[in-house]
Amino acid sequence: MADLIFKKHTPGRKGYTLPQNDVETKLENCIPTKFQRKKDARISECSELDVMRHFIELSHMNHFIEKGFYPLGSCTMKYNPKINETLARNIGWLDAHPLQPKETVQGALEMLYELQEDLAKMSGFENVTIQPVAGAHGEFVGLKIIRAYHLNKGITHKNKIILPDSAHGTNPASVTMNGYKTVEIKSNDQGKVDLEQLKKLIDDNVAGFMLTNPNTLGIFEDQIEEIAELIHSVDGLMYMDGANFNALMGIVKPGDIGFDVMHFNLHKTFATPHGGGGPGSGPVGVRKDLVKFLPIPMISHTEDRYFLDYSHKETSIGQLHTFYGNFAVNLKAFVYIKMLGSEGISRVSKNAIINANYLMRKLEKYFHVPFNNNCMHEFVASAKWQKEKNGIKTLDIAKRILDKGYHAPTVYFPLIVPEAIMIEPTETEGKNTLDKFIESMIEIAEECEKNPETLKNAPLNTPVRRVDDTRAVRQLNARYIWEDES
Ligand SMILES: *Cc1c(COP(=O)(O)O)cnc(C)c1O
């Protein structure tokens, strides 16, 4: 460490031993004395082979989509073709610099422009910004556009956004961050928006309605036209959370059925592997009269070149991310769309729906499915029967699923289904995998009857047994233990 030189930023804080009048100083002098090592650190020495084996072994202790089925509902954990990764790593894209003269990145701009266009075509909206970098970021942008729409007309009193009790947590958070009040509407006994209740909630203060479709119960909200009419009657706007767009592509265009604004989750629907927090992309599409509020810049073109378009900056909600958003995620989505074409894209959705219905029908005899009309790309089961009869919780079942070599489904969400088990197989799984999963789930259901203790102690075969879900957060103590230490 002794020769590492860098510039100091915080001169002379208490506890620091900084040489006076010395612009460049040694790293060790910038670390408060009380945090400096008394002895050199012990660093183990291994051969390359040992290091490789260590990390490969660690990776095998983990779960990933190439290793096994990953039915995590609401997240669309599907297998993504590796060609997207390969192309995104292509040196031509990778080395492009955001400040490069636009004449030298015409190909990149053309790609982004076409992505805007393709997403707009698929969703039935006039134009799409590819700037937001997550679904939640898209929600924030979309709601800002709704506010801009009203303010532009001189309407300042609208302060409420209605959303269903099955909404994803980011929805009320985005509503609040935009300065609106959340008005929650209960789902009816079919898991859909309750129209009668909606009629009672409508008043002139309503700025918009935020709806996930298919909703987080995996059910298609088929009363959109009626809902849209009610919301539009008070000049509110219809916002669609498009996280579940992988059930609609090539089948339904949200812009055609009454939605005014929508975000996509490219990292769920369009071939960026996710989980663990990013990176993502949350483009937002809008109807024609809202285009002028989209963030700046958009990607546009003249006859012979593409450019960053700031021309609507007077009306725009502003710039919400630097440059081109998450370029590589947008690129992967572009490749995915072009490779599948419109035929292939609609097959993605159809297969996702078929897979989910197949699982639901095979499992509904063994696990309670509260809303069991035909589902879309996912369905919500529950451990209601197992809990009542054998004292088994959803968490126990989720842990036992790990023993069978699968990632657990989403549990305890949506909040309106007690002991929820939310299963999303995605379109990329074949019948063999689904049948094996069904077999494992039936074995678990039988085990709940015959041997409930096994479930309460599960998982039994994983590298780490059942952990305390919150202790690691509260008392983090992660340190390598040497062989000669106890
Ligand atoms: C994932 C998800 C979001 C949020 O998207 P992020 O990209 O994680 O910010 C919003 N709504 C629904 C229904 C989702 O599944």
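Overview of results
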{"read-out": "Test: residue in segment 307-314 that is in contact (Cβ under 8 Å) with a residue 60 or more places away in the chain and touching a Pro at 6+ places or on another chain (Cβ under 6 Å)", "value": "yes"}
{"read-out": "Residue selected from segment 59-71 under the condition in contact with a Pro (Cβ under 8 Å, 6 or more places away or on another chain) and open to solvent by 30 Å² or more (accessible area, probe 1.4 Å), by the criterion nearest to the ligand (Cβ to nearest atom)", "value": "I65"}
{"read-out": "Residue in segment 194-202 that is modelled with pLDDT of 95 or more, closer than 20 Å to Q223 by Cβ and part of a loop (DSSP other than H, G, I, E, B) present", "value": "yes"}
{"read-out": "Positions within segment 186-208 being within 16 Å of the ligand (Cβ to nearest atom) and over 15 Å from V234 (Cα atoms), in sequence order", "value": "S187, G191, K192, V193"}
{"read-out": "The one condition in (1) among the polar types (S, T, N, Q); (2) outside any helix (DSSP H, G or I); (3) under 30 Å from T315 (Cα atoms) that N215 fails to fulfil", "value": "(3)"}
{"read-out": "Positions within segment 313-337 being more than 20 Å from A88 (Cα to Cα) and open to solvent by less than 30 Å² (accessible area, probe 1.4 Å), in sequence order", "value": "S316, G318"}
{"read-out": "Residue in segment 97-110 that is at negative phi and either within 16 Å of the ligand (Cβ to nearest atom) or within 21 Å of the chain's Cα centre (by Cα) (or both) present", "value": "no"}
{"read-out": "Number of the exception - G405 against (1) open to solvent by less than 20 Å² (accessible area, probe 1.4 Å); (2) at pLDDT 95 or above", "value": "(1)"}
{"read-out": "Restricting segment 226-283 to residues that are out of contact with any helix residue (DSSP H, G or I) (no Cβ under 7 Å at 6 or more places or on another chain) and aliphatic (A, V, I, L, M), the residue that is nearest to the ligand (Cβ to nearest atom)", "value": "V252"}
{"read-out": "Test result for Q116, open to solvent by less than 30 Å² (accessible area, probe 1.4 Å), touching a residue at least 24 places away in the same chain (Cβ under 8 Å) and touching a strand residue (DSSP E or B) at 6+ places or on another chain (Cβ under 9 Å)", "value": "yes"}
{"read-out": "Segment 74-113: number of residues that are at pLDDT below 95 and in contact with a strand residue (DSSP E or B) (Cβ under 8 Å, 6 or more places away or on another chain)", "value": "3"}
{"read-out": "Sole exception among (1) closer than 30 Å to D165 by Cβ; (2) at pLDDT 95 or above; (3) of a type outside the set (S, T, N, Q); (4) open to solvent by 10 Å² or more (accessible area, probe 1.4 Å) for D469, by number", "value": "(2)"}
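The values are calculated or read from the model by the stated rules, or taken from the named source; none is laboratory data. Owing to the predicted nature of the structure, the values given are computational and were not obtained by experimental measurement. Glycine also receives a Cβ, built like all others from the backbone with ideal geometry; neighbour counts cover every protein chain displayed. Just so you know, the surface numbers come from the protein's heavy atoms only, side chains and all, with ligands and any DNA or RNA stripped out. Shrake-Rupley method; radii C 1.70, N 1.55, O 1.52, S 1.80 Å.
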